[in-house]
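What follows is one structure encoded as structure tokens, with my remarks underneath.
Rule-based calculations on the coordinates, nothing more; no lab input. These numbers were taken from a predicted model, which means no experiment stands behind them. We place every Cβ from the backbone using ideal geometry, glycine too, and count neighbours over all the protein chains shown.
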Amino acid sequence: MNEQGKFSGLLKNWISLTGLFLGACALTTGTVLMIIDATHENLSPYFGILIYLLVPGFIAGSGLLVVLGMLWTRRRMQRLGFIPGLPTIHLGDRRTLSRIALFGLAGMLFILVSAVATYRTYHFTESVQFCGRICHQVMKPEFTAFQLSPHANTSCVECHIGRGAKWFVKAKISGLYQVYSVLLGKYHRPIATPVENLRPAKETCLACHWPAKFFGAVLRTWTSYGADEKNSPWTIKMLLHIGGGNPAHGPIRGIHWHMEGVNTVDYVATDPKRLIIPWVRVTDRLGNVTVYRSEDEKTRITDEQAAAGSMRRMDCIDCHNRPTHYYRSPNEALDMALFAGRIDSAIPSIKVHAATLLSATYTTETEALAAIDRDLREKHPDDPRIAAAIQEVQSIYSGNFFPEMKVRWSEYPNHIGHKVTPGCFRCHDDQHVSDTGKRISKDCNTCHTILAQGPGKELAGYSSSGLEFQHPEDIGDEWKTERCDTCHTGSP
């Protein structure tokens, strides 16, 4: 047997031949599916899994079968006294040249298909569909909230990974453990937050949002509805002092006073959700450092404990912690629906009835939707307006509550504002004091100025100097001493 015959004989076994057959089928199938994917839109994300994950894996497995079969055959031939060698190439032989040309053409085609497949695989794994719909139950809450958010036209990777190869590699390595967790059901329910290894906001958020251009104030109007029979409205119009960090646009003040580069704020939180912040250090633009410590003996920590703890430098995410995956509380979602007219506010006590149903604990979404329909019809049996109200309340539930993953507003506190969660009051509570007696102020006018307030359209105001906050219900001066979220939980 010549050398070439010995080498080609390595392929003459059922293992290698099976691998060659399966590999050819997988390559052909993958090529056809890639053409379909390139010429059609809005295909299922599982179609992408088939093309860019399963087919390449199948081809690689087929190649492994070919190699294993050749090794097995080589071992058998060695036992018989044959030592297979490399094939001899005779460039003067026309048959050999034809084989080389055919092999080269097939190799170029394979390289071309592989390059396109690799490129498409990269983009597929970066797509919103891949992130949000592959792990359907796990990511359903985040994907649903994402679609309802202001960032719905932004891809997941722009915020979670950002630009550059370094964080791309980190994300893919982290993703391996996530795949393992999903396959074995080891993921948290609900998914734990905040994300500890999230890329700094200055490398993601600031790629679109330009803090140097923030300035001035913006007018905001909020209308809430009472838990009484008339669903009594109460409207507040206020100026939010956005402020900024560019002196050319105005004084350095307002909400964005906290921005890194304007004033540097470092803090230590003693709980996983960063709701309890007993230690804050502020470094102003001139380099002056002020340390504020909580006066509450239950939470107070020393400078040494702060240095040894998990200190964090404040950035956008410390306030805008739910910029996309935001779950509204029953009260907030119903206020928006009532104000927009999607629920008729003339239906007696509809606010409290709907909020109670939304706040209840259910095992599945199907159970919740059925309970909402049944109970609201029982409470308003002869009201023709209740059908539209039921549909809207069910829509609110489907967009903000996910019992299978134990997701609801209370699991993910939103740090913007301070009504339902501590938010701003984590630091701005008049209980964080420096060595010189300076306190982090709780003054409402630091961040906003109330221009008008009152029941519905009958607003009390306007005043250019601002109005003192007036609580819709008479609670005396309690609103000055108690945090809003002490009473306002987001549900009745």
Mean Cβ-within-10 Å packing, highest first, puts peptides 333-339, 307-313 in the order 333-339, 307-313
Can you tell me the dipole magnitude for the chain around its Cα centre, using point charges on the Cβ only (Lys, Arg +1; Asp, Glu -1), in Debye to the nearest 20?
-> 2980
Rank Val282, Val182, Val55 by how far each Cα sits towards the positive end of the charge dipole of the chain (+1 on Lys, Arg Cβ; -1 on Asp, Glu Cβ) and give me just the farthest.
-> Val55
Among residues other than Cys447 whose Cβ falls under 12 Å from its Cβ, what is the net charge (Lys/Arg +1, Asp/Glu -1)?
-> +2
Sorted by packing (mean other beta-carbon atoms within 10 Å per residue), highest first, where do 412-424, 155-167, 262-274 land?
-> 412-424, 262-274, 155-167
Taking the structure as given and computing Cα extents along the principal axes in Å, which label from [x] 104, 68, 43; [y] 83, 55, 42; [z] 115, 72, 36 fits?
-> [x]
From the cross-link list Lys406/Lys480; Lys170/Lys273; Lys166/Lys273; Lys170/Lys419; Lys140/Lys379, the entries with a Cα-Cα span beyond 29 Å are Lys406/Lys480; Lys170/Lys419; Lys140/Lys379
Mean Cβ neighbour count within 10 Å, used as a protection proxy, ranking 357-363, 326-332 highest first = 326-332, 357-363
What is the fewest-to-most order of Leu17, Leu176, Leu206 by other Cβ atoms lying within 10 Å of their Cβ?
-> Leu176, Leu17, Leu206
Once you put a point 7 Å from the Cα of Leu286 and another 7 Å from the Cα of His320, both along the Cβ direction, what distance in nm separates them?
-> 3.0
